[in-house]
Amino acid sequence: MVKNRINKLFENKSENVLTVYFTAGYPELDDTLEILAELEKAGADMVEIGIPYSDPVADGPTIQESNGVALKNGISMQKIFSQLKTMRKKVDIPVVLMGYFNPVLQFGLEEFCKKCKECGVDGVIIPDLPILEYVEQYKDLFDSYDLHNMYLITPQTSEERIRMIDENTSGFIYMVSNSSITGAKKEISEEQLKYFNRIKSMNLNNPRLIGFGISDNKTFKTASEYSSGAIIGSAFIKALKESDKDSIADKVHSFINMVKGEKISQ
Amino acid sequence: MSKYAVDERGYYGKFGGAFIPEMLYPNVEELKNNYLEIIGDPDFQEEFRALLKDYVGRPTPLYFAKRLSEKYGAKIYLKREDLCHTGAHKVNNTIGQILLAKRLGKKKIIAETGAGQHGVATATVCALAGLECKVYMGAVDMERQKPNVERMRILGAEVIPAESGSRTLKDATNEAMRHWINNPQDTHYIIGSVVGPHPYPDMVTRFQAVISEEVKKQLKEAEGRENPDYVVACVGGGSNAAGIYYHYLDNPDVKIIAAEAAGKGVESGETAATTFKGTPGVLHGSMTLLMQTTDGQVVEPYSISAGLDYPGIGPLHAHLFETGRAKFIAVDDENSMKAGIELSRLEGIIPAVESAHAFSALNQLDLNENDVVVINLSGRGDKDLQTYINWGKY
């Protein structure tokens, strides 16, 4: 497949890549595109947009709640694609869609890939689509639409399986920082650092990003020492939720500044 | 090899598999790589069989229901799973899984429960094995099924309310899966039905298969034949049904009948009749039939019976439906309650509301007087007294 924005990002930047996750249709139905555009302006390197689902088993309370609110707001796959239709007029950074398999399956795999390509989506993460099923049934389809499909690895994932995932996927490898669902943890432990080092020394083909439990400047910096960067989700959702007084732009900028350790403007 | 057995990848035809995030993969893989060997081990079988006999009270009787038979004009036998310790078939599976968990070196047990029967059966075997037990239960269900909550607590289990989503069985299952993701090494998750990622549907089916194993012997003694004309069971997730169907799946002379909960009616919007209203999709780690919106969001089911109040069915049952091997019948609240009262009056047995659905299915069968029918009386009605009282028409 051709190189897309994800490949180019990692060609140009091998450290401190900041990826931010947020849920489509949250806090308000039509906030999706504005949050995306503000994230780019504030200095995020890549964005992951969550496709809300009624039963998000891999997610902690914060993202679960945002999924529920977004669904109540009336978000749907169709709506997400119509919100993202014009995003490439405003936004240049890579955009990844992350969602559970069932909504994608019901939408139709081919239709999903086609819409992703039309909108300029660069990759997807479908955590509960087994990699063997992906390789056998869907990989050619994804490749034909220039869509990367990224997979997760955890501290429990065997070396053999990591190699298999590395061989069969492109874009980046999503390193789950510890054995857990999404959501902020206190600190990064010694044991986690050992795991980060172990994976680093495997010299994988794909760049690695560390996610789950990354919430602030300290955890972002630590994760970035052992990989190309980090993915932040729950902490950003909390920031979006927190104050109704600030505009979305203010919330996004102050959050990104906090994570990057830059002085808060204003 | 049976046409209805699971394949190496965990599929029954196009249903099944293990659609799980990577965080669950090691736990499920460990189970997948070990369950057949552990279950096949003679020491395991000896311990399992001894507990089924002395602790659960197996074999459960196969009872010829004379007055019910007269009423419906057929020879009707009841498989008395309601006489199992803890009051339902659920304990067959929890005994099996607790022994397996011990052999895997697990120290802690988690489970989900809807009506509380599986939770009680899990709390029971945890007490028996001396393992720590946490049971996730929808906050709404905890309110509806207070006596079972207290039973679990008396048995030493911690009952954790699932406050996410609709706060019922499907959410309790989600919470249990999340807990397992967070505690991958020392914890075993005892799923209560033939649902979930492979190998759960097959493993639970194997533990419940003792039901039809016994029926074959008992029917041979009673009727001089191993095979009935009909086996009938209710299907929520489908574990009691899988157990009573198992040894008959490859015998096409045995008609397989599955009673689903229609709730307030198949077309009422308040139903749990999955094969009538469901479409293929992924729920709790397996490809199966489930009730969902066109956008792939899981729809909240409804049934008067908390044990049938589930938006999907096990992948084996989806396969039996798809291939036409089983005939699915929808039974609404009203008719299930009537059937429950009828069994109480004709045979002196108050069935669980779940099992009452299976009895109501008799009205939809075209029976001859020589037909031999075996109905799985999967649980007793003690837990449902309040439901009977609220319904009131007796």
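The values are calculated or read from the model by the stated rules, or taken from the named source; none is laboratory data. Just so we're clear, the structure is a prediction, and the values are computed from it rather than from any experiment. Positions of Cβ are generated from backbone atoms using ideal geometry, with glycine treated the same way; all protein chains shown enter the neighbour counts. For accessibility, only protein heavy atoms count, side chains too; no ligands or nucleic acids. Shrake-Rupley method; radii C 1.70, N 1.55, O 1.52, S 1.80 Å.
Restricting the search to the range B:350-377, which residues are open to solvent by 10 Å² or more (accessible area, probe 1.4 Å) and of a type outside the set (Asp, Glu)? Across the range B:350-377, the qualifying residues are B:ILE350, B:ASN363, B:GLN364, B:LEU365, B:LEU367, B:ASN368, B:ASN370.
Regarding B:LYS3, is this residue farther than 22 Å from B:GLY307 by Cβ, open to solvent by 20 Å² or more (accessible area, probe 1.4 Å), basic (Lys, Arg) and outside any loop (DSSP other than H, G, I, E, B)? Considered against the rule, which asks whether it is farther than 22 Å from B:GLY307 by Cβ, open to solvent by 20 Å² or more (accessible area, probe 1.4 Å), basic (Lys, Arg) and outside any loop (DSSP other than H, G, I, E, B), B:LYS3 comes out as no. The sole residue among B:GLY192, B:GLY243, B:GLY165 that is away from chain A (no Cβ under 14 Å) and outside any helix (DSSP H, G or I) is B:GLY192.
Taken over the range A:59-72, the criterion of being surrounded by fewer than 24 Cβ atoms within 10 Å (Cβ to Cβ) and within 18 Å of A:LEU105 (Cβ to Cβ) is satisfied by A:LEU71 alone. If the condition is being surrounded by fewer than 13 Cβ atoms within 10 Å (Cβ to Cβ) and either under 18 Å from the mean Cα position of the chain (by Cα) or within 14 Å of chain B (Cβ to nearest Cβ) (or both), then the range A:187-213 contributes only A:GLU191.
Would you confirm, using the coordinates I've provided, whether A:GLY43 is open to solvent by less than 30 Å² (accessible area, probe 1.4 Å) and within 11 Å of another protein chain (Cβ to nearest Cβ)? Here the answer is no, as A:GLY43 does not meet what is asked.
Selection over the range A:227-253 of residues that are surrounded by 18 or more Cβ atoms within 10 Å (Cβ to Cβ) and either more than 18 Å from the chain's Cα centre (by Cα) or outside any loop (DSSP other than H, G, I, E, B) (or both) gives a count of 13.
When B:HIS317 is tested against the conditions (1) in contact with a Gly (Cβ under 7 Å, 6 or more places away or on another chain); (2) under 16 Å from B:GLY165 (Cα atoms); (3) not aromatic (Phe, Trp, Tyr), the lone failure is (2). The helices (runs of 4 or more DSSP H) located wholly in the range B:11-101 that include 2 or more residues which are within 14 Å of chain A (Cβ to nearest Cβ) and closer than 17 Å to B:TYR189 by Cβ occupy B:25-40. Being touching a Leu at 6+ places or on another chain (Cβ under 7 Å) and within 17 Å of B:GLN117 (Cβ to Cβ) holds for only one residue in B:VAL194, B:VAL204, B:VAL159, B:VAL215, and it is B:VAL194.
Of the strands (runs of 3 or more DSSP E) lying entirely inside the range B:256-334, those carrying at least 1 residues that are surrounded by fewer than 24 Cβ atoms within 10 Å (Cβ to Cβ), over 17 Å from the mean Cα position of the chain (by Cα) and not polar (S, T, N, Q) are B:279-283, B:326-332.
Comparison of A:LEU9, A:LEU84 shows that the only residue that is open to solvent by less than 10 Å² (accessible area, probe 1.4 Å), more than 14 Å from every other protein chain (Cβ to nearest Cβ) and within 22 Å of A:PHE142 (Cβ to Cβ) is A:LEU84.
Among all residues of the range B:170-184, there is none that is away from chain A (no Cβ under 12 Å) and of a type outside the set (Ser, Thr, Tyr). Starting from residues that are among the hydroxyl-bearing types (Ser, Thr, Tyr) and over 16 Å from the mean Cα position of the chain (by Cα), keep the ones in the range A:214-226 and report whichever is nearest to A:PHE22 (Cα to Cα). Checking each candidate, the answer is A:THR219.
When the residues of the range A:160-181 are narrowed to those that are among the charged types (D, E, K, R) and away from every other protein chain (no Cβ under 12 Å), which ends up most open to solvent (accessible area, probe 1.4 Å)?
Initial filter on the range A:160-181 (among the charged types (D, E, K, R)): A:160-161, A:163, A:166-167.
Filter once more, so that each one left must be away from every other protein chain (no Cβ under 12 Å): A:163, A:166-167.
Working: A:ARG163: 91, A:ASP166: 8, A:GLU167: 131 Å².
The residue in question is A:GLU167.
Only residues that are out of contact with any Gly (no Cβ under 9 Å at 6 or more places or on another chain), at pLDDT 95 or above, part of a helix (DSSP H, G or I) and not polar (S, T, N, Q) were counted in the range B:358-390, giving 4.
Would you mind finding the one in B:TYR388, B:TYR394 that is open to solvent by 80 Å² or more (accessible area, probe 1.4 Å) and of a type in the set (Ser, Thr, Tyr)?
Within the list B:TYR388, B:TYR394, the selection yields B:TYR394.
Look at B:VAL298 and say whether it is touching a residue at least 40 places away in the same chain (Cβ under 8 Å), over 27 Å from A:GLY74 (Cα atoms) and hydrophobic (A, V, I, L, M, F, W, C). Answer is no for this residue.
Does B:THR187 satisfy being at negative phi and under 19 Å from the mean Cα position of the chain (by Cα)? It is false that B:THR187 is at negative phi and under 19 Å from the mean Cα position of the chain (by Cα).
If the condition is being touching a Phe, Trp or Tyr at 6+ places or on another chain (Cβ under 9 Å) and among the acidic types (Asp, Glu), then the range B:1-36 contributes only B:GLU22.
Filter the range B:67-122 for residues that are of a type in the set (Ser, Thr, Tyr) and open to solvent by 30 Å² or more (accessible area, probe 1.4 Å) and give the result.
First, the residues of the range B:67-122 that are of a type in the set (Ser, Thr, Tyr): B:69, B:72, B:77, B:86, B:94, B:113, B:122.
Hit for the range B:67-122 is B:TYR72, nothing else.
Yes/no per residue for (1) at pLDDT below 95; (2) open to solvent by 30 Å² or more (accessible area, probe 1.4 Å); (3) within 13 Å of another protein chain (Cβ to nearest Cβ):
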| position | (1), (2), (3) |
| --- | --- |
| A:GLY74 | no, yes, yes |
| A:GLY108 | no, no, yes |
| A:GLU118 | no, yes, no |
| A:ILE126 | no, no, yes |
| A:MET150 | no, no, yes |
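Looking at this structure, is B:SER286 at pLDDT 95 or above, in contact with a Pro (Cβ under 8 Å, 6 or more places away or on another chain) and within 24 Å of B:SER305 (Cα to Cα)? Yes; evaluated as a whole, the condition is true for this residue.
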